[in-house]
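The values are calculated or read from the model by the stated rules, or taken from the named source; none is laboratory data. Quick caveat: nothing in here was measured; it's all calculated off a predicted structure. Ideal geometry is used to build each Cβ from the backbone, glycine not excepted, and the neighbour counts take in all protein chains shown.
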Amino acid sequence: MVNLAKIRKKAKGSSDHPTTRQPDNAQTKLQSFLSTVGQKRAGIVQEVIAPPQDEVELLTFTLGEERYAIEIGDIAEIVGAQTATRIPNADSGIVGVISVRGSIVTLVDVRSRLKQPARAPSKDSRVIVIRKEGGLIGFEVDRVLRPSKIERATIEPQPVVHPDEESECIRGVIRGQNALTIVLDLSKLVA
């Protein structure tokens, strides 16, 4: 507990006898502090290590027996597979259109572009919807696996055994423990 009577008596006594008061080091401490302002003190300030700027976040999915990945930043949403409405005189690469929350999404056929056989939708099938300048574009996948962050340096160039295997929509591959994941260039895939 603080004894206020003692503190008042001491304060009153020091103001009555200015010559008997102890010299105040406050001025010296202030000058010392001001001389070190803005300088880094060793052992107190730690350097903040910035996270690597060369990371990319990918969404992994399957088409047939292959695993593919695209950058998550391009994705608007993922919805369940729906029956598409055909568009008369549409290009062969367009499956049709679907409605997602009142917005029209054009479905494109990435299976034929990636040389995957046609397949009927299953309970795991999803439509990945992306935003493009002209609106919303979607494509159906067999199964969405998971998002992951990887370093860009781990994406290797596309291995080509035969010239027919080379595709402009493949950016590279990621070697995993049990599988090879093909990283797609989404702008070229849905062009």
Scan Glu55, Glu133 and give me the residue that is of a type in the set (Asp, Glu) and either at positive phi or in contact (Cβ under 8 Å) with a residue 40 or more places away in the chain (or both). Glu55
For region 136-148, pairs from a residue that is in the same structural domain as Gly64 (by TED's automatic domain parsing) to a residue that is of a type in the set (Phe, Trp, Tyr), with Cβ under 7 Å and 6 or more apart or across chains, are Val141/Phe61; Arg143/Phe61; Val144/Phe61; Leu145/Phe61
Would you check which residues across region 76-93 are among the hydrophobic types (A, V, I, L, M, F, W, C) and either surrounded by fewer than 10 Cβ atoms within 10 Å (Cβ to Cβ) or touching an Asp or Glu at 6+ places or on another chain (Cβ under 7 Å) (or both) and list them? Ala81
Does region 169-179 contain any residue that is among the polar types (S, T, N, Q), on the phi < 0 side of the Ramachandran plot, part of a loop (DSSP other than H, G, I, E, B) and surrounded by 15 or more Cβ atoms within 10 Å (Cβ to Cβ)? no
Restricting the search to region 72-131, which residues are assigned to a loop (DSSP other than H, G, I, E, B) and small (Gly, Ala, Ser)? Ala81, Ala84, Ala90, Ser92, Gly93, Gly102, Ala118, Ala120, Ser122, Ser125
Is there a residue in region 88-107 that is within 27 Å of Glu55 (Cα to Cα) and of a type outside the set (Val, Ile, Thr)? no
Return the residues of region 79-129 that are at positive phi and either among the small types (Gly, Ala, Ser) or in contact with a strand residue (DSSP E or B) (Cβ under 6 Å, 6 or more places away or on another chain) (or both); say none if nothing qualifies. Gly96, Gly102
Take region 137-163 and flag every residue that is outside any loop (DSSP other than H, G, I, E, B) and crowded, with 18+ Cβ neighbours inside 10 Å. Ile137, Gly138, Phe139, Glu140, Val141
Verdict on Glu65 being under 23 Å from Asn178 (Cα atoms) and free of Cβ contacts under 8 Å to residues at least 12 places away in the same chain: yes
